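Since the structure comes first, as structure tokens, the remarks are kept for the end.
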Amino acid sequence: MVKVIVGQEPFQRAASLYLRFCVFVLERNIAMADEFDAHDEKGTVYAVVYDDDQPVSTGRFLAETKTEARLTRIATLADYRGQGYGAKVIEALETYARQEGFRQLTIHSELTAQTFYESLGYQAYGPKYLEDGEYCQSLVKTIA
């Protein structure tokens, strides 16, 4: 059974960090010091998709102002890609954001994922840039 949990519990953080370690550090060779940052502390909100008890996809919610937030570190295990789990993470974080009174969400997307986010209603803005060794594009969506 597939379920999505959004929360700050220690098990949520552990599941999210596990997924990011598998995808970004082991698979993509991103340095651990770049992948795990000061935002990965107690109180951070994570969305995790579980297939039974196996975490398979995740995302992190970072409030930037009272009405604007950024969705970061979206990752899905290789064997689970293309099955809609990333979209479930985004949808769950958008629902959480609406419930908390946020009106605008941004994502710093790697260029390879840009069309995925655009398919969910995000729009590119600003120039492309280099972040953690990857070319990225910022995208924004108004959710209110």
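The values are calculated or read from the model by the stated rules, or taken from the named source; none is laboratory data. These numbers were taken from a predicted model, which means no experiment stands behind them. No Cβ is skipped: glycine too gets one built from the backbone with ideal geometry, and neighbour counts run over all protein chains shown. When the accessible area is computed, the model is the full protein with side chains, heavy atoms only, and any ligands, DNA or RNA have been set aside. Shrake-Rupley method; radii C 1.70, N 1.55, O 1.52, S 1.80 Å.
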Only unsatisfied item for ALA47, checking (1) touching a helix residue (DSSP H, G or I) at 6+ places or on another chain (Cβ under 6 Å); (2) loosely packed, with under 15 Cβ neighbours inside 10 Å; (3) modelled with pLDDT of 95 or more, is (2)
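Does LEU62 qualify as being modelled with pLDDT under 95, surrounded by fewer than 20 Cβ atoms within 10 Å (Cβ to Cβ) and not in a helix (DSSP H, G or I)?
Judged against the criteria, LEU62 is not a match.
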I need every pair where a residue in the range 19-36 that is of a type in the set (A, V, I, L, M) has its Cβ under 9 Å from the Cβ of a residue that is open to solvent by 30 Å² or more (accessible area, probe 1.4 Å) and in a helix (DSSP H, G or I), sequence separation at least 6 or different chains. VAL23/ALA78; VAL25/MET32; MET32/PHE21
With LEU71, LEU130, LEU139 as the choices, which residue is outside any helix (DSSP H, G or I), at pLDDT below 95 and either open to solvent by 60 Å² or more (accessible area, probe 1.4 Å) or not polar (S, T, N, Q) (or both)? LEU130
All but one of (1) farther than 14 Å from ALA63 by Cβ; (2) within 15 Å of the chain's Cα centre (by Cα); (3) in a strand (DSSP E or B) hold for GLN114, so report the exception by its number. (3)
Got a number for residues in the range 92-105 being within 29 Å of MET32 (Cβ to Cβ) and without any contact (Cβ under 8 Å) to a residue 40 or more places away in the chain? 1
Would a scan of the range 97-109 turn up a residue that is surrounded by 16 or more Cβ atoms within 10 Å (Cβ to Cβ), of a type outside the set (A, V, I, L, M) and farther than 14 Å from LYS141 by Cα? no
Could you list, in sequence order, all residues of the range 18-34 that are in contact with a helix residue (DSSP H, G or I) (Cβ under 7 Å, 6 or more places away or on another chain) and within 19 Å of GLN8 (Cα to Cα)? ARG20
Taking the range 1-18 on its own, how many of its residues are of a type in the set (A, V, I, L, M, F, W, C), open to solvent by 30 Å² or more (accessible area, probe 1.4 Å) and touching a residue at least 24 places away in the same chain (Cβ under 8 Å)? 5
GLY82 fails exactly one of (1) in contact with a Gly (Cβ under 8 Å, 6 or more places away or on another chain); (2) surrounded by fewer than 16 Cβ atoms within 10 Å (Cβ to Cβ); (3) within 24 Å of LEU26 (Cα to Cα), namely (1)
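Each row is one residue, and each column tells you yes or no for (1) assigned to a helix (DSSP H, G or I); (2) within 14 Å of the chain's Cα centre (by Cα).
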| residue | (1), (2) |
| --- | --- |
| ILE5 | no, yes |
| ALA14 | yes, no |
| PHE21 | yes, yes |
| PHE24 | yes, yes |
| ASP34 | yes, no |
| ALA38 | no, no |
| GLU41 | no, no |
| VAL49 | no, yes |
| THR58 | no, yes |
What do you reckon, is LEU26 hydrophobic (A, V, I, L, M, F, W, C) and open to solvent by 10 Å² or more (accessible area, probe 1.4 Å)? yes
